[in-house]
Protein chains: 2
Amino acid sequence: MPETTWSALQDPNRRAVLDLLRQRPHAVNELVGALGASQPSTSKHLRVLREAGLVHVLRDGQRRIYAIDPAPLAELDGWLAPYRALWNRSLDDLGRHLDEHPEATEPEAQRPRRRDPKET
Amino acid sequence: MPETTWSALQDPNRRAVLDLLRQRPHAVNELVGALGASQPSTSKHLRVLREAGLVHVLRDGQRRIYAIDPAPLAELDGWLAPYRALWNRSLDDLGRHLDEHPEATEPEAQRPRRRDPKET
DNA sequence: CAGATATATATCTGTCAAGGTATATCACGC
DNA sequence: GCGTGATATACCTTGACAGATATATATCTG
């Protein structure tokens, strides 16, 4: 998986853009309004997403309509796949382990409690 | 999903650590060797992973054994979930769409532009 | 053509993170 | 306790990146 996918997704504004584009394509000025960021800043974020292959642009007159391109996300999903086995069996396994070694849990905000199949 | 998860995963060294820890827990010096990074650098990466809740540490004498903590990855998986529908139906849907609108797929790099006074 | 609108780019600046070196901390064997 | 090995932290320097302002480019309207 290319490095650009990770660095593009690391920024919250860009993830917010993707969350919007996931529902429907948007023109730039719509995204500017939704993000509350300046227009140049938004354009720069869109450029990063474009170069990472996460979005593509269509011209509509003087507007540019941005739409999502899910391929890199599918790659991310592929990267995640081998880990999936871990938390599947961890949900009961890890809970037991944490009971025995509570010092191993660092001050993290809030992680899913013991075994709760439908979290998030 | 906490910002720390993304920023922790954005670094290739830290992803490499996770790839190692996915298989089995490792002591720090093992990770140092595997990454080819310096020991302080490795420790710093481990700290970031720890604070992101992606790994936890167990003491074994004077060693620290790091093991993976998949909960944040499960959260990432949850973030990814709503996008999954996109590339699932994209596989046939998008293909049909592209047949109808081939101009939409042009990489904006070399699209023939109208009258350009000083191109290249 | 002029002017307005939509978007991109250039430039600067402050912030933050990564890598390196040196050093501190902690556990071990003697 | 002492020297040694394992790991963490402090400090410094450098590079990348986000945000802001100004400007360029392209399109539309009249």
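Things to note:
- Selection within segment B:40-54 - within 19 Å of residue A:10 (Cα to Cα), crowded, with 16+ Cβ neighbours inside 10 Å and within 11 Å of DNA strand D (Cβ to nearest atom): B:45, B:46, B:48, B:49, B:50
- Condition broken by residue B:18, with the remaining ones in (1) crowded, with 17+ Cβ neighbours inside 10 Å; (2) within 13 Å of DNA strand C (Cβ to nearest atom); (3) among the aliphatic types (A, V, I, L, M) satisfied: (2)
- Of all residues in segment B:66-89, none that is in contact (Cβ under 8 Å) with a residue 60 or more places away in the chain and farther than 19 Å from residue B:46 by Cβ has its Cβ atom under 6 Å from the Cβ atom of a residue that is β-branched (Val, Ile, Thr) and assigned to a helix (DSSP H, G or I), 6 or more apart or on another chain.
- For the residues A:31, A:9, A:46, the requirement of being away from DNA strand C (no atom under 14 Å from the Cβ) and assigned to a helix (DSSP H, G or I) singles out A:9.
- All of B:37, B:81 fail the test of being away from DNA strand D (no atom under 15 Å from the Cβ), more than 7 Å from chain A (Cβ to nearest Cβ) and small (Gly, Ala, Ser), apart from B:81.
- Whichever residue in segment A:12-26 is in a helix (DSSP H, G or I) and touching a residue at least 12 places away in the same chain (Cβ under 8 Å) and, among such residues, is nearest to the other protein chains (Cβ to nearest Cβ): A:22
- Of all residue pairs spaced 6 or more apart or on separate chains, those with beta-carbon atoms under 6 Å, a first member in segment A:47-59 that is within 11 Å of chain B (Cβ to nearest Cβ) and a second member that is hydrophobic (A, V, I, L, M, F, W, C) and within 10 Å of DNA strand C (Cβ to nearest atom) are A:58/A:65.
- In the condition set (1) at pLDDT 95 or above; (2) outside any helix (DSSP H, G or I); (3) surrounded by fewer than 16 Cβ atoms within 10 Å (Cβ to Cβ), residue B:59 is compliant with all but (1).
The values are calculated or read from the model by the stated rules, or taken from the named source; none is laboratory data. A quick note: this is a predicted structure, and the numbers were derived from the prediction, not measured. Cβ atoms come from the backbone with ideal geometry, glycine included; neighbour counts cover every protein chain shown.
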